[in-house]
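Bear in mind these aren't lab numbers, they're just calculated from the coordinates by the rules spelled out. Fair warning: this is a prediction, and the values are worked out from it, not measured in the lab. So basically every Cβ, Gly included, is an ideal-geometry build from the backbone, and we count neighbours across all protein chains shown.
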Amino acid sequence: MDSDATFGRTQLLGFYLLAALVVVLDWWTKSLASSLLDYGVPHVITPLFNLTLLHNRGAAFSLLSEAGGWQHWLLGGIALAVSVAIVVALRRLPRAARWQGLGLALVLGGAIGNLGDRLRLGYVVDFIQVHYQELYWPAFNIADSAITVGAALLILDMLRNPARDS
């Protein structure tokens with residue numbers, strides 16, 4: 001079998017189903033958080049972990065959240081462009097790039113999950129809050145987690161297989 005051959009329909013379907021699973025899980029958990037949590041009120045789970053419903057009108061870590069509204073369209077456009085680029089990239093990946101495909105599928109699912117919030121609500125629902133004493137990491141959600149894990153897989157794959165990426 002040719003090592004440069006691209007993924008077949010079944011493998012591509014698997015990547016797209018993983019992305020869809022991330023979207024469904026993300027939207028479901030955001031719906032639960034929105035219906036069960038009071039806005040801005042931390043619900044302590046452990047000394048290091050809270051569930052706190054927050055609305056992020058900006059990008060990661062609330063960057064641009066006070067920009068006046070134009071960021072909604074910019075960030076939505078970026079998410080849409082990235083999603084289209086990932087769909088195209090997945091179709092062109094060689095079969096040997098399984099980890100890269102997995103990472104791209106996770107990023108795709110996360111991008112679509114947050115894009116859906118931006119389009120439907122005008123903000124992204126965040127609810128997972130990690131902290132140590134008074135040092136708080138910005139709140140995030142399942143989509144953000146999938147994007148982070150996907151990006152980490154892409155970086156690890158690039159470090160493990162530098163010849164394929166050149």
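Across the stretch 135-162, the residues whose backbone nitrogen lies under 15 Å from the label position 7 Å along the beta-carbon direction of residue 44 are 135.
Give the calculated FRET efficiency between residue 131 and residue 158 to the nearest 0.05, with a Förster radius of 30 Å applied to their Cβ-Cβ distance. Mind showing how you got there, number by number?
Values: r = 31 Å, r/R0 = 1.05.
So the FRET efficiency works out to roughly 0.45.
What the Cα atoms of the stretch 101-166 give is an Rg and a Dmax of 14.8, 44 Å. Taking the convex hull of the alpha carbon positions in the chain and averaging its projected area over all directions gives 11.3 nm². Rounded to the nearest 20 debye, the dipole magnitude of the chain is 540 debye, with +1 charges on Lys and Arg beta carbons, -1 on Asp and Glu beta carbons, and the Cα centre as origin. Other residues within the sphere of radius under 10 Å centred on the Cβ of residue 138, judged by their own Cβ, net out at -2 (K and R +1, D and E -1).
So if we plug the beta-carbon distance of residue 119 and residue 91 into 1/(1 + (r/R0)^6) with R0 = 22 Å, what FRET efficiency do we get, rounded to 0.05?
Details: r = 25 Å, r/R0 = 1.12.
E between residue 119 and residue 91, to the nearest 0.05, is 0.35.
What relative contact order, as a whole-number percentage, does the chain give when Cα pairs under 8 Å and 6 or more residues apart are counted? Please list the in-between numbers first.
Details: 243 pairs, mean separation 51.2, N = 166.
Relative contact order of the chain: 31 percent.
Under a 5 Å amide H cut-off, with hydrogens placed 1.01 Å from N, residue 49 pairs with 131 among residues at least 5 apart or on other chains.
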